[in-house]
Amino acid sequence: MDYERLKQKLVVYSQSIGVDKLRITTADPFLSLKDRLIQQQERGYASGFEHPILDERVDPSLSLKEVRTIISIAVAYPSKLANAPKSEKGSRRGFFSRSSWGIDYHDVLNDRLKKIEQFLFVECGTVETVRMVDTGALSDRAVAERAGIGWSAKNTFIITPELGSYVFLGNILTTLPFPPDEPIEDLCGSCQKCIDACPTGALVEPGVLNAQACLSYQTQTKGFMPEEYRSKIGNHLYGWDTCQLVCPYNKNKDHHQHEEMKPDPEKVKPLLLPLLTMSNKTFKAEFGHMAGSWRGKKPIQRNAIIALAHYKEESALPTLLDLLIKDPRPVIRGTSAWAIGKISKSEKEEKALEDAKKNEQDENVLNEIEKGLSFIREKK
Ligand code: B12
Ligand code: SF4
């Protein structure tokens, strides 16, 4: 079998099924990545969303015994929203970051990867493969970097010279001996716009992210959001893109070639108030197809409450008061108490918070009620 020719055929085929870039690397272990991952953990910089078994993260043969090469693909997504509905007093809106626009990218890339697997089966007969998109053992970025999809940038993204960093990554481990591609040059140079723009200083060094301080991570947690980040997330319901938005390699990059990635303005910038009282069933029906719903309804509702506080949206007060008393989830009761204090200056809400305090058992919620009360009293 002429694997150089097959590779060329594969590249042409991949373009016909909506893959924007395809490169191939060896199956050698990612040795330097191991130290890096250990360091991230030791410094408390890991998010906890990473695959937990270190050896599996760096050794492809633990995912596929006879692996010879890894195919890395990039699929580009849009960055600009046309016809964005306005967020106005009385009808405030939240915002889902770009990685959650359209249909969940895990589904979109897995669809492309399955087609590539099928292509390889037809061409080669016997071949073993393992697909990975985001949730696999390997680091998608480390694979893409070594395969030459893009360089590993100071904002930790894989940036492709052609498409910028607005690309999702996926891999197929194969038992085929394709000739590998080479990594490409790092083009960040002396720029450090992303590091300067990060509102929390989460990019602690070039290429090193303290994920715990990253606002993308903070929007995805299920517990109480630490106070210091609440004022920073603004109206963001899921994810964060500042370190991509400021990057010169993303200037004028807005990819609309994939129908599945097309953002629905009403979903990407949804009204906040209806989210607060939405049933699980409706949430699933409305937002279940989006990558940003992977943690369920609670973090999105918590962030929606914080967004309403950010807007000081008085029309939200009755709903927030209701949640404070009736919602079974401490995070929602507590965040509502905090938001009520941020929004209101009136004795009515002060009294409601005092009443709620008498019936509340949860320490964390009580703490948030105290904060809410002090915000109202400070305004007097
Ligand atoms: C955990 C995770 C997160 C965490 C932590 C992110 C991080 N930077 O580590 C959180 C929740 C914060 C997050 C946020 C986002 N994520 Co995320 N995430 C992941 C996940 C599941 C694992 C990443 C990981 O292991 N990180 C640990 C670090 C240490 O390793 P790494 O970045 O994978 O590998 C690099 C470093 O190790 C570095 N390196 C190696 N050795 C050395 C040595 C030195 C000295 C230095 C400086 C660096 C260095 O080089 C490697 C290659 O670039 C991957 C999917 C996957 N399975 O890989 C997606 C992934 C990285 N996420 C992705 C996306 C889209 C996002 C968001 C944009 C979503 C959003 N809009 O909010 C943000 C971006 C935030 C950011 N600046 O990274 C994409 C990135 C695509 C791209 N073009 O780079 C991925 C690849 C998913 C995918 N399949 O497309 N994510
Ligand atoms: S903003 Fe500058 S330093 Fe940061 S990733 Fe882009 S080019 Fe690199």
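Averaged per residue, what accessible surface does the chain expose to a 1.4 Å probe, in Å²? Can you show the working numbers first?
On the way: 17420 Å² over 380 residues.
Heavy-atom SASA per residue in the chain reads 46 Å².
Arrange the residues ARG93, ARG302 by how much accessible surface each exposes, largest first, with a 1.4 angstrom probe. Spell out each step's value before the answer.
On the way: ARG93 25, ARG302 0 Å².
Of ARG93, ARG302, the descending order of accessible area is ARG93, ARG302.
Kindly state, to the nearest 0.05, the FRET efficiency for LYS358 paired with LYS232, given R0 = 30 Å and r defined as their beta-carbon distance. Let's see the in-between values first.
On the way: r = 33 Å, r/R0 = 1.09.
Using R0 = 30 Å, I get an efficiency of 0.40.
Once you have the Cα-Cα distance between SER47 and GLU347, take 0.36 nm times their residue separation minus that, and quote the gain in nm to one decimal. Mind showing how you got there, number by number?
On the way: separation 300, 0.36 × 300 = 108.00 nm, distance 4.09 nm.
Length difference between fully extended and current span is 103.9 nm.
How much of the accessible area of segment 211-303, in percent, comes from carbon and sulfur atoms when a 1.4 Å probe is used?
Details: 2150 of 4140 Å².
Ligands and nucleic acids excluded, carbon and sulfur give 52 percent.
If the segment from SER32 to ASN367 were pulled out straight at 0.36 nm per residue, it would be longer than the present Cα-Cα gap by 116.2 nm. When peptides 158-167, 288-297 are sorted by average Cβ neighbour count within 10 Å, with the highest value leading, the order is 158-167, 288-297.
When the Cα positions of GLN244, SER216, LEU173 are compared along the charge dipole of segment 166-296, SER216 comes out farthest toward the positive end, with charges on each C-beta of Lys, Arg, Asp and Glu.
Working value for segment 200-298: equivalent-ellipsoid semi-axes of 25, 21, 11 Å, each the square root of 5 times a Cα gyration tensor eigenvalue, largest first. Working from Cα pairs under 8 Å separated by at least six residues, relative contact order for the chain is 19 percent.
Taking all protein chains together and rolling a 1.4 Å probe, CYS124 ends up with roughly 30 Å² accessible. 3J(HN,Hα) along segment 126-137, derived from phi through the Karplus expression 6.51 cos²θ - 1.76 cosθ + 1.60 where θ = phi - 60°, amounts to 8, 7, 9, 9, 9, 9, 9, 9, 6, 8, x, 6 Hz, with x in place of Gly and Pro.
Evaluating kT/(6 pi eta Rh) at 20 °C and 1.002 mPa s, with the Kirkwood radius of the chain over Cα pairs in the Stokes-Einstein relation, gives 95 µm² s⁻¹.
Taking label positions 7 Å along the Cα-Cβ direction at both LYS115 and LYS80, the computed distance is 2.7 nm, reported to one decimal. Give me the percent of the accessible area of segment 52-181 that comes from carbon and sulfur atoms, probe 1.4 Å, all protein chains in place. The C+S portion of the solvent-accessible surface of segment 52-181 is 48 percent.
For THR129, the accessible area of its heavy atoms, probed at 1.4 Å with every protein chain present, is near 30 square angstrom. The percentage of C-alpha pairs in segment 86-182 whose separation is greater than 18 Å is 59%. Packing, taken as the mean count of other beta carbons within 10 Å per residue, orders the peptides 367-375, 44-52 from highest to lowest as 367-375, 44-52.
The values are calculated or read from the model by the stated rules, or taken from the named source; none is laboratory data. Computed from a predicted structure; not experimentally measured. Cβ sites come from the backbone with ideal geometry, for glycine too, and all protein chains shown count toward neighbours. Keep in mind that these areas ignore ligands, DNA and RNA; they rest on the heavy atoms of the full protein, side chains included. Shrake-Rupley method; radii C 1.70, N 1.55, O 1.52, S 1.80 Å.
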